[in-house]
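Worksheet: the structure to be examined is printed underneath.
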Amino acid sequence: MNSLSGVMVIGLTGQTGAGKSTVSKVFSENGFAVINADEVSRKVVEKGSKCLDEVSDFFGEDIISQDGTLDRKALAAIVFSDKSKLEMLDTIVYPYITGEILRQIRKHSANGEKLILLDAPTLFESRADDFCEIIISVLADEDIREKRIIERDALTREQARRRMNSQLDEDFFVTHSDYIIHNNGRLDTVNEISKEVSDKIKDYCIRKQNITIR
């Protein structure tokens, strides 16, 4: 439940490859300020950051490129093949991610943007769902997600499966979400459903807290 006074935070999450970005775009076009947790996660491990120092201290200098930036492929090869190491990475980075998300929420609020969509693939794992009034999960069939991940990230089938298997299962998303959007088919259908859901949520938030949408 959202405990942040004066704003309404809506959590958008779901399975990797399900197509959250498509849904997020519709919400943005419908008046929601969007915080992208993927962008936040990149920001907190930028070259010279305290978070990156902690990650390299644990995983070793092999995950640092020659220019001092994080070698994401090297780190992914480690954590997606060892659940305990993925959990350790999460333990290190999630406090930094949470702090930056809160900073951005306050910034949006100060700018008069009171209705915020938090697009976060690890919404539950990072406990960022604690900020959220409503949670939406985007789901898709495994074969469709696998194909999308391989094309999007230039991965092998085995690498794609490792990433998929590292996530919470579909039943968890279904039982812990207020809305489920299935993204298996036509783009126009997903856009239409997303618009309908965003309208319902916007109306609810306006009625509950008298929030004005810019």
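Data overview
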| quantity | calculated |
| --- | --- |
| Residues that are in contact with a Cys (Cβ under 8 Å, 6 or more places away or on another chain) and open to solvent by 20 Å² or more (accessible area, probe 1.4 Å), drawn from segment 115-154 | GLU133 |
| Which listed residue, of SER126, SER198, is assigned to a helix (DSSP H, G or I) and among the hydroxyl-bearing types (Ser, Thr, Tyr) | SER198 |
| Residue check, GLY99 in contact with a Lys or Arg (Cβ under 9 Å, 6 or more places away or on another chain), within 17 Å of GLU46 (Cβ to Cβ) and surrounded by fewer than 20 Cβ atoms within 10 Å (Cβ to Cβ) | no |
| Pair list, Cβ under 7 Å, 6 or more apart: segment 162-181 residue under 9 Å from SER137 (Cβ atoms), other residue at pLDDT below 90 and acidic (Asp, Glu) | none |
| Tabulated pairs, segment 99-115, first under 15 Å from CYS51 (Cβ atoms), second surrounded by 14 or more Cβ atoms within 10 Å (Cβ to Cβ) and among the charged types (D, E, K, R), C-beta under 8 angstrom, 6+ apart or interchain | GLU100/LYS43 |
| Filter result for VAL23 (closer than 19 Å to ASP188 by Cα, touching a strand residue (DSSP E or B) at 6+ places or on another chain (Cβ under 6 Å), in contact (Cβ under 8 Å) with a residue 60 or more places away in the chain and β-branched (Val, Ile, Thr)) | yes |
| Residue match in segment 1-13 (condition: among the aliphatic types (A, V, I, L, M) and loosely packed, with under 14 Cβ neighbours inside 10 Å) | yes |
| Segment 194-209 residues that are free of Cβ contacts under 8 Å to residues at least 24 places away in the same chain and within 18 Å of LYS20 (Cα to Cα), paired with ones that are of a type in the set (Ser, Thr, Tyr) and in a helix (DSSP H, G or I) (beta carbon under 6 Å, 6 or more apart) | none |
| Residues (within 23 Å of ASN111 (Cβ to Cβ) and surrounded by 14 or more Cβ atoms within 10 Å (Cβ to Cβ)) located in segment 169-203 | SER198, ILE201, LYS202 |
| Candidate set from segment 29-64 (those that are open to solvent by less than 40 Å² (accessible area, probe 1.4 Å) and of a type in the set (Gly, Ala, Ser)); member that is farthest from PRO95 (Cα to Cα) | GLY31 |
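The values are calculated or read from the model by the stated rules, or taken from the named source; none is laboratory data. Owing to the predicted nature of the structure, the values given are computational and were not obtained by experimental measurement. Cβ sites come from the backbone with ideal geometry, for glycine too, and all protein chains shown count toward neighbours. When the accessible area is computed, the model is the full protein with side chains, heavy atoms only, and any ligands, DNA or RNA have been set aside. Shrake-Rupley method; radii C 1.70, N 1.55, O 1.52, S 1.80 Å.
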